[in-house]
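Participant: Below: one structure in structure tokens.
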Amino acid sequence: MIGQNVRRASPSELNFVISFKRINYTNNYQRENDHESTGSLISRKDVLTSEHGFAFVQTTGFEILVGSVDLRAGRTYSAIWWITHTQWSTINRVPIKNPVNDIAIIRLSEEVSREIDPVPIMPVSPSYLYGLNVRLAGWGATIEGHMSRYLETAILTVLSKDECENKIEKLVGQRGYLPENVICSVANPFIVTTAGNSGCPVLFNDKLVAIHHAIGPELQNSYSDHINIHLSIENFIDYIHSVLNVP
């Protein structure tokens, strides 16, 4: 994340946030360079993240770093299977309601330590959050271009759908439509998410309400105008509960 009010997470907070990292047998020191995307433990053996961020690491071989805000510490786990929302909907013949379904659940090879508390989930309508503050937490690229070693967190304010669409229209000169499950957030001074933050948790009252999807619109060298775009978990709750109940 980039912004004046982005801070390093303390070792005692947000221990449910995990890192997807490339397997690297030659670099055991600067492990932050292998970080690809972020996710959240929603049970002791299941991780919720973005499909696009996770799809990238699948092609290179990956492991999941758990239990530390420092990417040079913690314990790594492997995955035994995973399923995206689109795959689940197809298998279960469930109609897909939204055009953007960038979400996946990964089952770990074993349960994590009892010292780690999975994040509670809170399925609420995006409109419930309009004007309220949410917290993001993830590892991502810094303004200097390198990957953060330590977990970063920041507070942002949720825009209404109209506010977000108006802001995008003002920036690009064209009206766009946002799907109903999209949540937009900004901060003043600006805070913008970066590469590596994909899939990171969006928290309200310490409960998971959304996952980070992307930034928009596509602007060159204008961090202050970017909008952070997240996906509400509300419309994915049947998928989440169904997968969590798989033995």
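Taken together, the values in this text are just the output of simple stated rules run on the coordinates, not laboratory data. Not measured: the values here are computed from a predicted model. As a convention, Cβ positions derive from the backbone with ideal geometry for all residues, glycine included, and neighbour counts pool all protein chains shown.
Participant: Using a cut-off of 20 Å between alpha-carbon atoms, which aspartates and glutamates can reach K97, once sequence neighbours fewer than 8 places away in the same chain are excluded?
Facilitator: In chain and number order, the partners are E51, E180, E234, D238.
Participant: Please compute, over every Cα-Cα pair in the chain, the percentage with a separation greater than 35 angstrom.
Facilitator: Numbers: 2949 of 30381 pairs.
Above the 35 Å cut-off, the chain has 10 percent of its Cα pairs.
Participant: I'd like the Kirkwood hydrodynamic radius of the range 127-186, using the inverse of the mean 1/r over distinct C-alpha pairs, in Å.
Facilitator: Numbers: mean 1/r = 0.0749 Å⁻¹.
One decimal place: 13.3 Å for the Kirkwood radius.
Participant: For R72 and R44 in one chain, what is 0.36 nm times their gap in residues minus the Cα-Cα distance, to one decimal in nm? It would help to have the intermediate numbers written out before the result.
Facilitator: Working: separation 28, 0.36 × 28 = 10.08 nm, distance 2.17 nm.
That works out to 7.9 nm of additional length.
Participant: Of W81, W139, W88, how do they rank once you tally other Cβ atoms within 10 Å and put the fewest first? Provide the component values of the computation, followed by the final result.
Facilitator: Numbers: W81 11, W139 31, W88 20.
The most exposed by this proxy come first: W81, W88, W139.
Participant: Something else now. May I ask you to work out the translational diffusion coefficient for the range 126-234 at 25 °C, viscosity 0.890 mPa s, via Stokes-Einstein with Rh from the Kirkwood sum over Cα pairs, reported in whole µm²/s?
Facilitator: It diffuses with D of about 175 µm²/s by this estimate.
Participant: Which parts of the range 70-89 would a label at A55 reach, counting a residue when its backbone N lies under 13 Å from a point 7 Å out along Cα-to-Cβ?
Facilitator: Only 84-87 fall inside the zone, counting backbone N under 13 Å.
Participant: Defining a contact as two alpha carbons under 8 Å apart and six or more residues distant in sequence, what relative contact order in percent does the chain show? The partial results should precede the final answer.
Facilitator: Working: 580 pairs, mean separation 60.1, N = 247.
Reported as a whole number, the value is 24 percent.
Participant: Expressed in nm², what is the orientationally averaged projection area of the convex hull enclosing the Cα positions of the range 119-158? It would help to have the intermediate numbers written out before the result.
Facilitator: Details: hull surface 15.2 nm².
Average of the hull's projected areas for the range 119-158 equals 3.8 nm².
Participant: Could you check the simple spin-label distance between N92 and E111, using points 7 Å along Cα→Cβ, in nm with one decimal?
Facilitator: 2.3 nm
Participant: To continue, here is another question. Between E152, E180, E36, where does the largest GNM mean-square fluctuation fall for the chain, given springs only between Cα atoms within less than 10 Å?
Facilitator: E180
Participant: So if I restrict to the alpha-carbon atoms in the range 1-138, what is the Rg, and what is Dmax, the biggest pairwise distance, in Å?
Facilitator: 16.0, 47
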